[in-house]
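Values quoted throughout were computed directly from the atomic coordinates according to the rules given, and no laboratory measurement underlies them. This is a predicted model, so every value here is computed, not measured. Glycine gets a Cβ as well: all are built from the backbone with ideal geometry, and neighbour counts include every protein chain shown.
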Amino acid sequence: MLKSIYEEIKKYDNIVIARHIGVDPDALGSQFALKTAILYNFPNKKVYAVGSKSARYNYFPKLDKYERIDNSDTLLIVVDTPDKKRVDISNFDTFPNVCKIDHHPFIDKFGSLEYIDINSSSASELVLRFFKENNIDFLKDTAEYLYYGIVSDTNRFLFNTTSETFRIVSDLVFRYHIDIEKLYKNLYARPFSEVRFQGYISENMKLTENGFAYIIISNDVLLKYGVDSSSAGNMVNNYNNIDEVLAWATISEDVKNNQYKFNIRSRGPIINNVAERYNGGGHAMASGARVNTMDEVELLINDLDNVCRIYREEE
């Protein structure tokens with residue numbers, strides 16, 4: 001399949017690369033790694049990396065604007081996204097030629113060629129596999145984008161990490177002389193306002209008797225601490241390994257989009273099936289969802305709490 005996707009890339013002079021809404025370093029890393037590698041090997045092609053921007057990830061290049069209406073001569077490549085509704089592109093239906101590279105459990109088929117491996121650490125690892133299988137050369141900037149994606153999605157190799165992950169990352173660091181400290185500084189440096197905000201989350205997080213922890217963060221609180229609705233999601237991994245907690249979520253109000261954003265993690269209960277029922281999805285132990293009303297917020301909290309209850313009863 002990876003060779004077939006490469007053959008498709010060769011056919012098109014116009015290529016658009018998209019990823020999921022609610023961007024993260026793996027989505028951006030796989031996206032920009034593909035763009036830069038394609039341009040390095042095919043300098044006459046036009047390649048666009050599209051989607052909503054995020055000031056938090058300003059160590060990646062700027063995203064491209066793409067507004068063509070007729071895309072019959074264009075290839076759309078979607079990375080790190082299992083379902084059509086979460087692709088961060090406004091005119092998805094105008095692209096008749098679509099390929100997918102993803103590591104999430106399958107939800108929708110929306111591409112003629114789809115490469116999915118749920119055992120991979122990240123979309124960035126899959127893109128690196130794509131390069132290796134097709135003998136595609138790339139430069140140091142591409143290698144750094146891949147490193148950002150793999151390190152971020154594994155939370156510094158704590159999750160979804162295999163011996164193959166360590167092997168390919170070690171080779172990447174050695175071959176391209178990657179400055180790990182510099183990249184880690186970009187990934188994990190944060191303003192003092194977020195440190196204070198994390199203290200607020202820790203102080204106010206609720207815990208149910210079934211082991212589900214959560215916090216609902218209003219826009220007023222976000223304004224008070226000078227953070228945005230994505231900040232809580234960026235901190236969700238900080239609450240792993242708490243004895244009493246089986247699963248947990250940060251729920252932040254997104255006034256701009258009139259939504260509540262769930263970032264959900266688990267140490268046992270399967271959560272992605274629940275998230276899929278609420279305009280979301282992801283991995284069995286790491287998922288997200290978006291709902292529009294407080295009633296839906298309460299329903300999703302109850303469903304996640306119930307998953308924890310069932311998990312405890314079956315232990």
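For the chain, what does the helix formula give at 222 nm: sum of -39500 (n - 2.57) over DSSP H segments with n ≥ 4, over the residue count, nearest 500 deg cm²/dmol? Can you show the working numbers first?
Working: 11 runs with 125 residues, N = 315.
Using -39500 (n - 2.57) per qualifying helix, the result is -12000 deg cm²/dmol.
Rounded to the nearest 0.05, what FRET efficiency is calculated for Lys11 and Asn257 with R0 set to 30 Å and r the Cβ-Cβ distance?
For Lys11 and Asn257, the calculated efficiency is 0.25.
When DSSP beta bridges are limited to those with both residues in region 192-314, what percentage is antiparallel, rounded to the nearest 5? Present the calculation step by step, with values, prior to reporting the outcome.
Numbers: 18 of 24 bridges.
Counting DSSP beta bridges with both partners in region 192-314, the antiparallel share is about 75 percent.
Let me know the charge dipole size of region 192-314 about its Cα centre in debye, to the nearest 20, where only the beta-carbon of Lys, Arg (+1) and Asp, Glu (-1) is charged.
Values: 11 positive and 17 negative charges, 64 e Å.
That gives a dipole near 300 debye.
If you take the C-alpha gyration tensor of region 192-314, multiply each eigenvalue by 5 and take the square root, what semi-axes do you get, largest first, in whole Å? Write out the running numbers ahead of the final one.
Working: eigenvalues 100, 55, 27 Å².
Semi-axes from the Cα gyration tensor: 22, 17, 12 Å.
Which value, to two decimals, describes the C-alpha radius of gyration of the chain once divided by 2.2 N^0.38 Å? Please report the intermediate quantities before stating the final value.
Working: Rg = 19.6 Å, N = 315, 2.2 N^0.38 = 19.6 Å.
Cα-based Rg divided by the globular estimate yields 1.00.
Alpha carbon centre of region 130-167 versus region 1-34: separation in Å?
15 Å
Please compare each pair in Lys46/Lys109; Lys46/Lys100; Lys10/Lys100 to a cut-off of 21 Å on the Cα-Cα distance and tell me which ones are over it. It would help to have the intermediate numbers written out before the result.
Numbers: Lys46/Lys109 26 Å; Lys46/Lys100 19 Å; Lys10/Lys100 16 Å.
The pairs that break the limit, which is 21 Å between Cα atoms, are Lys46/Lys109.
By count of other Cβ within 10 Å, fewest leading, how are Glu296, Glu253 ordered?
Ordered by Cβ neighbours within 10 Å, fewest first: Glu296, Glu253.
Give the calculated FRET efficiency between Asn41 and Leu223 to the nearest 0.05, with a Förster radius of 45 Å applied to their Cβ-Cβ distance. Numbers along the way, then the final one.
Numbers: r = 46 Å, r/R0 = 1.03.
It comes to 0.45.
Compute for region 2-187: radius of gyration divided by Kirkwood radius, i.e. Rg/Rh, restricted to C-alpha atoms, rounded to two decimals.
Numbers: Rg = 15.3 Å, Rh = 16.4 Å.
A ratio of 0.93.
Counting only Cα, what are the radius of gyration and maximum Cα-Cα distance Dmax of region 78-174, in Å?
That works out to 14.1, 42 Å for Rg and Dmax.
Taking Cα centroids, how far is region 38-54 from region 227-306 in Å?
32 Å
Pull up the cross-link candidates among the aspartates and glutamates for Lys224, meaning alpha carbon to alpha carbon under 18 Å and not fewer than 8 places away within one chain.
Glu194, Glu203, Glu253, Asp254
Sort Ile107, Ile310 so that the residue with the fewest other Cβ atoms within 10 Å of its own Cβ comes first and the one with the most comes last. Could you put the intermediate results ahead of the total?
Values: Ile107 17, Ile310 13.
In increasing order of surrounding Cβ atoms, one gets Ile310, Ile107.
List the residues whose amide H sits under 5 Å from the amide H of Ile17, counting only those 5 or more places along or on another chain, with H placed 1.01 Å from N in the peptide plane.
Sorted by chain and number, the residues that satisfy this are Tyr48, Ala49, Val50, Ile77.
Counting DSSP beta bridges in the chain, what percent are antiparallel, to the nearest 5? Mind dumping the intermediate values first?
Working: 19 of 42 bridges.
About 45 percent, rounded to the nearest 5.
Defining a contact as two alpha carbons under 8 Å apart and six or more residues distant in sequence, what relative contact order in percent does the chain show?
On the way: 573 pairs, mean separation 40.3, N = 315.
It comes to 13 percent, rounded to a whole number.
Net charge near His104: determine it from the other residues with C-beta under 9 Å of the C-beta of His104, scoring Lys and Arg +1 and Asp and Glu -1. Let's see the in-between values first.
Working: positive: none; negative: Asp80, Asp83, Asp102.
With Lys, Arg at +1 and Asp, Glu at -1, the neighbours total -3.
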